[in-house]
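In what follows, a structure is listed as structure tokens, so that the remarks can point back to it.
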Amino acid sequence: MTDITKNGSAPLGAPGHQGIAEVVAKGLKKRYAAERRFRMYGLVAIGLALLILLVLFTTIISNGIGAFFQSKVTLDVPLEVSEIDPDQTGDLDVIGKANYRGLVFGSLRADFPGVSGRSNRRALTGLLSSGSDFELRSIVLDNPDLIGTTVQAQVSLSDDADMFLKGNMTDVEVSAGDGTLAMTEDGVLSGGVYAFGNVFIDVKAEFARKADEAENSIAQNQRQLGRIDEELAVTASRLENADDEAQKTTYADTLRNLETLKANVNASLEKLTSDATDFRTRSQSDAGEETLDQSMPSYLVVTNDGVFKILTVTRDKVTTEIVSPPSSLDSSADWQIVKLQTPETDRRLTDKQIGWLHLMQDRGQIESAINSAFFTTGDSREPELAGIWGAAVGSFWTLMVTLVLSFPIGVMAAVYLEEFAPKNKWTDLIEVNINNLAAVPSIVFGLLGLAVFLNVFGLPRSAPVVGGLVLTLMTLPTIIIASRAALKSVPPSIREAALGMGASRIQAMTHHVLPLALPGMLTGTIIGMAQALGETAPLLMIGMVAFIVDIPGGPTDPATVLPVQIFLWADAPERAFVERTSAAIMVLLGFLITMNMAAVFLRKKFETRW
């Protein structure tokens, strides 16, 4: 007979007790498995967050790193006395007013004497930045002794030329020419049997691609015709059965529109069919001469310091347009074929301009230099001249106004509410409102600044002083909450000891409690200032979105800030501003990371463990 314990349960080692142990073991196993899954979920979430952060930073850095470098060209510029200082006065004002644009443009044209015609000369000088004359002017003003000599001036290229040289406009394939190349003065180039075989094959492949596109469009148009025929049948039936005159008029109009649409589709279909047949035939033929158009990749031939653009091609001969005349017709010189993958119609630089750039590269005139102007100049309509210094100075003055106002006011408000204010419904209401203000969208503070500071008090629009006032309102709740938390962290024994020694409440606060709470207050202030540095919406409302070229000299001068500068550049159509936008974001992130690291450092260095 089995023994029974006093409380009625099975004794240890009994079958019933073993069943309970198994249940407990299974429960522990499930709990441990759930804990492992929970840890795994946490690790996956952290890994996903790090991956997203890595993608974000990689994208920003890859897009923006190019803005720290600018393509420049070195030109031999004769600084004629008659052009710069005809009276030889040595007056810098006279020297500064010389026609430096003419000097720079004249030097570039002298490097390409074969470029003639107003449009071609304008296209050539369009490769230079619109600020290249100011760069030459700065060189002369810094060293007036250069007047009367020829200097090697390094000036910036235009944003489009810079983008091309950085590989952001088109893929470029350069291949060495095979064999000797015979040239004529009218631009006919000929070589061996397969001298231009690769170009000929590429053109044939391009015709095959166009034929495929046309055939796909034919299939789409045929499907559209089928849908139109169905709608025509339905509309005609409704018109026949309609009793109301208004409905009949509506259906008749719809019927006419559908018939017009069908006629247009049929016309398009006829043209597409003709093009597809023509392209397919040309792609399959292995002989004859083919003509390149602007919708196809472009091909340039470079030899003897000259550039030719291919117009028609066979396997052994091409007719060309002379982009830059060669120095000689020597057939023994090396030659290259340069393929520009993107069609000319889809680029901001023409084939001629790219040919001139290629020659300057071969001559060693072009190099990539540190873009110091990005850090030392203000905004500009030209991307290669645009910089962040004006916005950085505007951010500095705005944050200084914010710090001078928000820190003392926030600390004093926190001290009063935490140490001296009576606990009643009014202080409770104030605390609730402070907490609510910390969650108010920032644009609301911008609307408040627009209504009060600009419309009521008449403060200057687009000025750092107004931006600082708006950001002060936005930052105050954060500083007050952080400061109160820092005061609460100071043990009551500090206050009691000071009061016990005969200090007043104000003395106990200012001499003992406040110094101990100050590191926490500074941490909250730095975090609030970092938040203010990254704000855009409230500053847009008070006009700090204006285009400002000059560097602000004080808090009342017109200015913009870094986040608004990024907003303006992101909306600009030029491709080069994409680089500037990402680069400015990198600078802004650098400031924000530095400020947050300072907050962490202060907390760790001055933190007191009670």
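Assorted remarks:
- As a summary of the residue check, residue 195 satisfies the conditions (1) in a loop (DSSP other than H, G, I, E, B); (2) of a type in the set (A, V, I, L, M, F, W, C); (3) loosely packed, with under 14 Cβ neighbours inside 10 Å except for the one numbered (3).
- Matching option when the condition is within 22 Å of residue 307 (Cβ to Cβ), acidic (Asp, Glu) and modelled with pLDDT under 90, among 171, 162, 178: 178
- Residue count, the stretch 555-606 (criterion: open to solvent by 90 Å² or more (accessible area, probe 1.4 Å) and either among the charged types (D, E, K, R) or more than 23 Å from residue 470 (Cβ to Cβ) (or both)): 9
- Number of the condition not met by residue 174 [criteria: (1) more than 34 Å from the chain's Cα centre (by Cα); (2) loosely packed, with under 15 Cβ neighbours inside 10 Å; (3) of a type in the set (Val, Ile, Thr)]: (1)
- Residue count for the stretch 358-382, restricted to those that are within 14 Å of residue 68 (Cα to Cα), among the polar types (S, T, N, Q) and not in a loop (DSSP other than H, G, I, E, B): 2
- Under the condition of being open to solvent by 50 Å² or more (accessible area, probe 1.4 Å), of a type in the set (S, T, N, Q) and touching a residue at least 12 places away in the same chain (Cβ under 8 Å), the residues counted in the stretch 456-499 number 1.
- Those residues of the stretch 372-391 which are surrounded by 22 or more Cβ atoms within 10 Å (Cβ to Cβ), touching a strand residue (DSSP E or B) at 6+ places or on another chain (Cβ under 9 Å) and farther than 17 Å from residue 588 by Cβ, in sequence order: 384, 385
- Qualifying positions in the stretch 315-365 - hydroxyl-bearing (Ser, Thr, Tyr), under 18 Å from residue 175 (Cβ atoms) and crowded, with 18+ Cβ neighbours inside 10 Å: 320
- Condition met for residue 190 (touching a Ser or Thr at 6+ places or on another chain (Cβ under 9 Å), within 30 Å of residue 91 (Cβ to Cβ) and touching a residue at least 24 places away in the same chain (Cβ under 8 Å)): no
- Of the listed requirements (1) open to solvent by less than 30 Å² (accessible area, probe 1.4 Å); (2) closer than 29 Å to residue 356 by Cβ; (3) in a helix (DSSP H, G or I), residue 63 misses just one: (1).
- Residue 394 being part of a helix (DSSP H, G or I), among the small types (Gly, Ala, Ser), under 19 Å from residue 73 (Cβ atoms) and open to solvent by less than 60 Å² (accessible area, probe 1.4 Å): no
- Matching residues, the stretch 297-328, being more than 42 Å from the chain's Cα centre (by Cα), over 17 Å from residue 359 (Cα atoms) and not in a strand (DSSP E or B): 314, 315, 316
- Being open to solvent by 30 Å² or more (accessible area, probe 1.4 Å), at positive phi and not acidic (Asp, Glu) is true of residue 90.
The values are calculated or read from the model by the stated rules, or taken from the named source; none is laboratory data. Keep in mind it's a predicted model, so treat the numbers as computed, not measured. As a convention, Cβ positions derive from the backbone with ideal geometry for all residues, glycine included, and neighbour counts pool all protein chains shown. With ligands, DNA and RNA removed, areas are computed over all heavy atoms of the protein, side chains included. Shrake-Rupley method; radii C 1.70, N 1.55, O 1.52, S 1.80 Å.
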